[in-house]
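The values are calculated or read from the model by the stated rules, or taken from the named source; none is laboratory data. As the structure is a prediction and not an experimental result, all values here were calculated from the model. Every residue, glycine as well, gets a Cβ built from its backbone with ideal geometry; the counts of neighbours run over all protein chains shown.
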Amino acid sequence: MTVTLDSQNVVRELILWGEEAPGRRGDRTVVAESHCDFTLATDDAVERCIAALQASDEKLAQNPGTMYNWQRTWLQRHENGGGTVSFGVAWYDEQYFDDKKTVFMERMHDAIFKKIGISADSVQVSHWRAVP
C-alpha cells in the first residue's frame, strides 16, 4: 500500500501491519506506545532494516503472549537514496514498558544497528502512556 501526502508530495509505503493486523492484538490492552524513526543513508540499509523488522514481526506474531508488539511500519524513501523507517511499539504491561522502553539504547541493539547500517544519531524514539 502506498499513501501520498499531497501537500508535501511525500510518498510513504506501508511495510508491515504489526499488531494492527486483524486478530493480532487479541484481548490485550495497550497501556503505552512508542514511536520510532530510523533515518538510513542507503537503500541497502533500508532493505536490511525492513528485513530485520519483518523477521522480528513474524516472531512476535508467533507468540501471542508477548508484552509488546510492533505497530504499522512505514517507509519514506529519500530522493538521493536511503529513507526513513517509522514504526510504533504497542506495550501491554506497565512494568514491562518501564523496564524495556529504553532497550534500544543497550549494547545488544548497538550491534543490530551497526549490522543494519543505522547510526545512533539517526534514531529518534518518543514514548507516551495511555490515559485511562
Output the residue which, of all residues in the range 121-132 that are out of contact with any strand residue (DSSP E or B) (no Cβ under 8 Å at 6 or more places or on another chain) and not in a helix (DSSP H, G or I), is nearest to I50 (Cα to Cα). V131
Would you confirm whether any residue within the range 26-44 is in contact (Cβ under 8 Å) with a residue 12 or more places away in the chain, farther than 21 Å from S126 by Cα and in contact with a helix residue (DSSP H, G or I) (Cβ under 6 Å, 6 or more places away or on another chain)? no
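Just checking: which of the strands (runs of 3 or more DSSP E) contained wholly in the range 1-120 hold 3 or more residues that are surrounded by 15 or more Cβ atoms within 10 Å (Cβ to Cβ) and of a type in the set (V, I, T)?
83-91
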Please specify each residue of the range 1-29 satisfying the condition of being acidic (D, E) and at pLDDT below 90. D6, E20
Restricting attention to the range 30-73, which residues are of a type in the set (D, E) and closer than 15 Å to G88 by Cα? E33, D37, D57
Would you confirm whether any residue within the range 30-39 is at pLDDT 95 or above, among the β-branched types (V, I, T) and under 23 Å from A111 (Cα atoms)? yes
Among the residues of the range 85-118, how many are touching a residue at least 12 places away in the same chain (Cβ under 8 Å) and closer than 18 Å to A41 by Cβ? 7
So, in the range 90-117, how many residues would count as being under 24 Å from W128 (Cβ atoms) and either charged (D, E, K, R) or at pLDDT 90 or above (or both)? 13
Tell me which residues, restricted to the range 16-35, are in contact with a Leu (Cβ under 9 Å, 6 or more places away or on another chain) and of a type in the set (G, A, S). G18
